[in-house]
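A short reminder: the numbers here are calculations on the coordinates, not readings from a lab. This is a predicted model, so every value here is computed, not measured. Don't worry about glycine lacking a Cβ; one is built from the backbone with ideal geometry, like all the others, and counts go over all protein chains shown.
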Amino acid sequence: MKHVSIFKATALFLAVIVISASVIQCRKTGDVIKGLDRSFKGNADSTVYAAFYESNKITPSDVVPDVNDIIKFRGVQTIIHEYCATSNCHGGPIAPKVDTYAEIMKFVTPGNPEGSKLWEYLTTNDFDKAMPPVNSNHEMNTTDKSLIYNWIKNGAKEKPDYNDFRPAAIQLIISGCGSANCHNQATATGGWARAGLLGPLTTADTTQYLYINPSTGAVTNYCQLSNATKRTQVWTAYKDSVKKFYSDTLAFNSFRPWKKFSTPRSAASTRGPLNDYDDILMDILYPKSVRSSNSILYTNPVTLTTYYVSGNPLNATSSMVSRVDSTLLLANPFTGVYATNHQGDMAYGDGGLKSHEIALIKAWYFADPNIPVVWKYGNANAGIFKYRKTGTIIKQ
């Protein structure tokens, strides 16, 4: 009995030591955590696509979602599961549970990260409240904190919507397509400058850029208008004339844009700018193929001035979506005739943009109320996009 008592005493003593050590570790006082700062140094950024679930099927998508029909980015649920809701922690025996949307929302105030308990746990420097515990050696990184912060700031929705799609999709297009040498204002106006359409310029007003296509190896010579003041004036005037003309082609016929992007008006290859949301909308409503044909489309009977601009913006053979997504074929919205081949080369056959990024752009496109229905579903919902594999036509 005496030996048993000694054993119990020893066990009790060891248990006290273990518990004490655990408490010290949980509290993390002393040199072990000296200098640790869990506060978030980032800011609200609507261009960060932040969704609860890692995978979201977009609307519209094919009956069996095609490769570009699924938005798959790292999601809030995945992040919290990895850091907090593991099987041996808040996803298992330890309360509270934080593994489902309903469970997590008990600690979230939509639109207010700073007022959300979840955010407090993730960023507090009170190490007794910190989640995950600072003794776990699994501190959440800044990128993951940023996703959670922006998800809460954007409304903490279970399913993403237009307000989540648009900022992220526009940023993708601007950064990926409207880069320093491609679909940007400097390149478009630079072509006109090189052709002598902008009047006298100095050498310092323009620059040259040689671009090598990573897929084909083809070399393109771009002339860019580096004079920012002149560039803004010229491009703004051009956009204004386009919008004015197409608002009423008869009443504002004198505003018909005469400039064009490719030969013979320009001595260098150029592309329609996608530098901001307004540029992108103009490209959707009045595609470059309509605004800038390779052949004369109209001759003024009085002045005999030739124009390379179509009067019907719907008589087009390309669109923003068809130039990005190689799984789709486009029908001319005016004639209803479908293309026989895909046009997805703006994303280099879906190589420049990842499939989940293309899905994000499509989700924004079909959700944006500023894009006319005819450019989504055609006239009278006849459809202008269909999937190459199945022939499924996208309708409202």
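Viscosity 1.002 mPa s, temperature 20 °C: give me the Stokes-Einstein translational D for segment 158-206 in µm²/s, with Rh taken as the Kirkwood radius over C-alpha pairs. It would help to have the intermediate numbers written out before the result.
Working: Rh = 13.2 Å.
After rounding, the answer is 163 µm²/s.
Counting pairs of alpha carbon atoms under 8 Å apart in space and at least six apart in sequence, what relative contact order in percent does the chain give?
About 15 percent, as a whole number.
Tell me the angle of helix 162-176 to the major Cα principal axis of the chain, expressed in degrees between 0 and 90 and rounded to the nearest ten.
70
For segment 238-251, in order, what is each residue's ³J(HN,Hα) by Karplus, 6.51 cos²θ - 1.76 cosθ + 1.60 with θ = phi - 60°, in whole Hz (x at glycine and Pro)?
My calculation for segment 238-251 gives 5, 4, 4, 5, 4, 5, 5, 4, 6, 5, 6, 5, 7, 5 Hz in order.
Can you list the residues, at least 5 places off or on another chain, whose amide H is less than 5 Å from the amide H of TYR222, using H built in the peptide plane?
Under 5 Å from the amide H of TYR222 lie the amide H atoms of TYR209, LEU210, TYR211, each far enough along the sequence or on another chain.
Relative contact order (percent) for segment 36-160, with alpha-carbon contacts under 8 angstrom and 6 or more residues of separation? Mind showing how you got there, number by number?
Values: 177 pairs, mean separation 41.2, N = 125.
Worked out over segment 36-160, it gives 33 percent.
Over all distinct Cα pairs, what is the inverse of the mean 1/r for segment 308-396, reported as the Kirkwood hydrodynamic radius in Å? Walk me through the numbers before you get to the answer.
Numbers: mean 1/r = 0.0755 Å⁻¹.
Evaluated on segment 308-396, it is 13.3 Å.
Would you order LEU304, LEU118 from fewest to most other beta-carbon atoms within 10 Å of each residue's own beta-carbon?
Details: LEU304 7, LEU118 22.
Least crowded to most crowded, the residues run LEU304, LEU118.
Any idea what % of Cα-Cα pairs in segment 36-160 are farther than 23 Å? Before the final figure, lay out each step's value.
Numbers: 2432 of 7750 pairs.
When every Cα pair of segment 36-160 is considered, 31 percent fall beyond 23 Å.
Can you give me the long-range amide H partners of TYR298? Hydrogens built in the peptide plane at 1.01 Å from N, cutoff under 5 Å, separation of 5 or more residues or another chain.
TYR307, VAL309
Taking the Cβ of each residue in LYS41, LYS243 as the centre, tally the other Cβ atoms inside 10 Å and list the residues starting with the fewest.
Numbers: LYS41 9, LYS243 16.
With the sparsest Cβ surroundings first, the list reads LYS41, LYS243.
Along segment 67-76, what does the Karplus equation 6.51 cos²θ - 1.76 cosθ + 1.60 (θ = phi - 60°) give for ³J(HN,Hα), rounded to whole Hz, x for Gly and Pro?
4, 9, 10, 10, 7, 10, 10, 4, x, 4
Please arrange ILE284, ILE394, ILE361 by counting, for each residue, the other beta carbons lying within 10 Å of its beta carbon, fewest first.
Values: ILE284 18, ILE394 21, ILE361 25.
Arranged by neighbour count, lowest to highest, ILE284, ILE394, ILE361 become ILE284, ILE394, ILE361.
Could you list, bin by bin from short to long, the percent of Cα-Cα pairs of the chain in 20 Å steps?
Each 20 Å bin holds this share of Cα pairs: 22, 42, 24, 9, 3, 0, 0.
Go from 0 up to the bin containing the longest alpha carbon distance in segment 124-243, width 5 Å each, and give me the % of pairs per bin.
Percent of Cα pairs in each bin: 2, 9, 12, 13, 12, 9, 9, 10, 8, 6, 6, 4, 2, 1.
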